[in-house]
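Working notes, beginning with the structure itself.
The values are calculated or read from the model by the stated rules, or taken from the named source; none is laboratory data. In this text the structure is predicted, and so the values were computed from the model without any measurement. As a convention, Cβ positions derive from the backbone with ideal geometry for all residues, glycine included, and neighbour counts pool all protein chains shown.
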Amino acid sequence: MRIERDFQQLARLAPVRSSSDMRRLFGTGWKTINKSQQAWVRHLLTVWGQHLGNEDYDRSEVNVIGRLMMRCEWSEQKGKQIEKIVSELHCEGLRGEALFRKARDLLIPQSSTANIIALAKESDDAAFVESVMTKTFGAINPIKNVARLRYCKRKSVQNIIGCLIYHTGVSAKEARNRMEWALDILEGEMFYATKREMEKEIPKIAAQLEN
């Protein structure tokens, strides 16, 4: 099973002795993000994980936030505005595409490039994040396996730590350190890579739609 392969790939994290070694082996450099940037990238990863996870549960509010964040230039203020408006509309009873469309109309100017591509499906958004992740980490990288377990299979950090201990025999402290390093790499790399790809891809898509 795929999930078993994901767990087995965690064994590659065990020999790593420091966060700098993990970045050297499985990342592309030293990238740090703040709390609001971390929240932004986690919403995007949630869109990716919930679509690829193929599980039946309410995706409404958190996925709408993630999809809208993909259409807006990142800023801490914009992120908070998106979360506030979507939460208010969700409390009013809006769900699914109705929630997305109403929040989009309130948040994104009709004339903007972001609005031009706002009809993209959730599957398109998930495929975009998947392509960024593959381009960033490659096909075989334990950081991607950690992402799959955390966001597609919805495993808790504690559960993944327990699996790392089970498969490798490292101590609880060692497992916690390695999981913290791996998640830091995942979130930092994906934040900057996603922003970079959005800056390249959105104008291309808009040009295609206008022709």
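Only one entry of 174, 180 meets the criterion of being part of a helix (DSSP H, G or I), over 19 Å from the mean Cα position of the chain (by Cα) and either buried (at least 18 other Cβ atoms within 10 Å of the Cβ) or modelled with pLDDT of 95 or more (or both), and that entry is 174. Taken as a whole, the structure places residue 132 among residues that are farther than 18 Å from residue 14 by Cβ and assigned to a helix (DSSP H, G or I). Counting only helices (runs of 4 or more DSSP H) that sit wholly inside segment 1-98, those with at least 2 residues that are under 21 Å from residue 138 (Cα atoms) are 2-9, 19-26, 35-53.
The residues in segment 133-147 that are surrounded by fewer than 22 Cβ atoms within 10 Å (Cβ to Cβ) and of a type outside the set (S, T, N, Q) can be counted, and the count is 5. Which residues, counting only those in segment 106-133, are over 15 Å from residue 201 (Cα atoms) and either polar (S, T, N, Q) or at pLDDT below 60 (or both)? Hits for segment 106-133 are 110, 111, 119, 123.
Restricting to segment 157-187, name every residue that is under 24 Å from residue 34 (Cβ atoms) and among the polar types (S, T, N, Q). Result: 177, single match.
Residue 74 fulfils the conditions (1) at pLDDT 80 or above; (2) closer than 19 Å to residue 200 by Cα except for a single criterion, (1). Quick one: in segment 13-36, which of the residues that are closer than 22 Å to residue 161 by Cβ and of a type in the set (S, T, N, Q) is surrounded by the most Cβ atoms within 10 Å (Cβ to Cβ)? Top of the filtered list is 19.
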